[in-house]
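For reference, the structure is listed below as structure tokens.
The values are calculated or read from the model by the stated rules, or taken from the named source; none is laboratory data. Just so we're clear, the structure is a prediction, and the values are computed from it rather than from any experiment. Neighbour counts are summed over all protein chains in view; Cβ atoms, including those assigned to glycine, are modelled from backbone coordinates with ideal geometry.
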Amino acid sequence: MNQPRARLREMLASGDMIVAPFVFDCLQAKLAADAGFDAVYMTGFGTAAARGYPDLGLLTMTEMVANARAISQAMNVPVICDADTGYGNPLNVWRTVREYEDAGASALHIEDQVFPKRCGFLAGKQVIPMETMAPKVRAACDARRDRNLVIIARTDALQVNGWDDVERRARAYRAQGADLIFVDGIKTLDDLRVYAERIGDLPLVYNGDLLPLDELKKYPFKLTIHIGTMLAAFDTMRSSMKELKRNGKLSVGTASGVFGDFVRLMGVDECQTLEKKYAE
């Protein structure tokens, strides 16, 4: 049995909001787990950025699955994954789900954007008809072999068609078997309020950082994926690069103790102990 998947199901059933920080590599995922988070979210935006591309549908399913596998194998907490549009029609979605499942993902979401998709917070999105997306959701649910694998249906219809269409799509995707419903592009507190009021009877995912986590817990969200960690990682790395270029040195160095924390997190001591065992 895949223990992280079973644990994610247990957490969803508990009624407490799960918080999964954005991560796009194994180091960030390990840092999230070390900080005490019970799940992580493999961001498509970040996965594309780490390979030098914008989030405009340029990465393939194979590249996304490879990252999902690496992160899932590096840790023992549930990994919730971006699976873009499912990479095609219902048959393609079927294979996508099988590939993510084999990679160790605990959950994945597919969205109703026109391919090539774009980041949910960018302008210019288009969505496919609800009647085209619904079979893709059903195919995703049917394809899984492990019933603990969580299927999330995402709609990007808010900026395109407004709340009436969002609600229609959300209820249709839930009727096709989606475990969670994810409305992306929530940019204002008013959007957040309407999201909760109009479809708060459904199991919902929220993507954003409009409110502190304690306040978000008052809303009917089963899962919050927190984009702020990705932005903070970008900002910190950018600042460090500029500091090194400007000053010729950094305030954080090998003498600061951070290197020791890095070594500990990566399990160097455990690996060296294992190495000695087989050297005897």
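Every residue, every condition in (1) surrounded by fewer than 20 Cβ atoms within 10 Å (Cβ to Cβ); (2) more than 30 Å from A32 (Cα to Cα), yes or no:
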position	(1), (2)
E131	yes, yes
R147	yes, no
K187	yes, no
A196	yes, no
V205	no, no
Check D261 against each of (1) assigned to a strand (DSSP E or B); (2) modelled with pLDDT under 95 and name the one condition it does not meet.
-> (1)
Filtered residue count, segment 192-216, keeping only those that are in contact with a strand residue (DSSP E or B) (Cβ under 9 Å, 6 or more places away or on another chain) and farther than 25 Å from K136 by Cβ = 5
Look at G267 and say whether it is on the phi > 0 side of the Ramachandran plot and surrounded by 14 or more Cβ atoms within 10 Å (Cβ to Cβ).
-> no
Residue hits (segment 51-105; part of a helix (DSSP H, G or I), over 15 Å from the mean Cα position of the chain (by Cα), over 22 Å from A178 (Cα atoms) and of a type in the set (A, V, I, L, M, F, W, C)) are A74
Check on R154, in contact with a helix residue (DSSP H, G or I) (Cβ under 8 Å, 6 or more places away or on another chain) and at pLDDT 95 or above = no
Residue identified as over 19 Å from the mean Cα position of the chain (by Cα), of a type outside the set (A, V, I, L, M), surrounded by 12 or more Cβ atoms within 10 Å (Cβ to Cβ) and modelled with pLDDT under 95 among S251, S240, S256 | S240
Picking from G86, G52, which residue would you name as being among the small types (G, A, S) and over 29 Å from R7 (Cα atoms)?
-> G52
Listed by first then second residue, the pairs whose first member lies in segment 29-41 and is touching a residue at least 40 places away in the same chain (Cβ under 8 Å), whose partner is surrounded by 19 or more Cβ atoms within 10 Å (Cβ to Cβ) and among the acidic types (D, E), with beta carbons under 9 Å and at least 6 positions apart or on separate chains, are Y41/D82
Matching residues in segment 94-118 (crowded, with 18+ Cβ neighbours inside 10 Å and either modelled with pLDDT under 95 or closer than 17 Å to A48 by Cβ (or both)) number 9
Scan of segment 57-70 for residues that are out of contact with any helix residue (DSSP H, G or I) (no Cβ under 8 Å at 6 or more places or on another chain) and in contact (Cβ under 8 Å) with a residue 40 or more places away in the chain, ordered by number = G57
Just wondering, is there one or more residues in segment 106-126 that are in contact with an Asp or Glu (Cβ under 9 Å, 6 or more places away or on another chain) and more than 19 Å from G57 (Cβ to Cβ)?
-> yes
Where a residue in segment 150-169 is closer than 17 Å to G124 by Cβ and its partner, wherever it lies, is of a type outside the set (A, V, I, L, M, F, W, C) and surrounded by fewer than 19 Cβ atoms within 10 Å (Cβ to Cβ), with Cβ under 6 Å and at least six apart = A157/D165
Segment 183-209 residues that are in the same structural domain as V40 (by TED's automatic domain parsing) and on the phi < 0 side of the Ramachandran plot, paired with ones that are loosely packed, with under 13 Cβ neighbours inside 10 Å and of a type in the set (G, A, S) (beta carbon under 6 Å, 6 or more apart) = D209/G228
State the number of residues belonging to segment 119-129 that are at pLDDT 95 or above and surrounded by fewer than 19 Cβ atoms within 10 Å (Cβ to Cβ).
-> 2
Inspect segment 86-93 for any residue being under 24 Å from L202 (Cβ atoms) and surrounded by fewer than 24 Cβ atoms within 10 Å (Cβ to Cβ) and give the result as yes or no.
-> yes
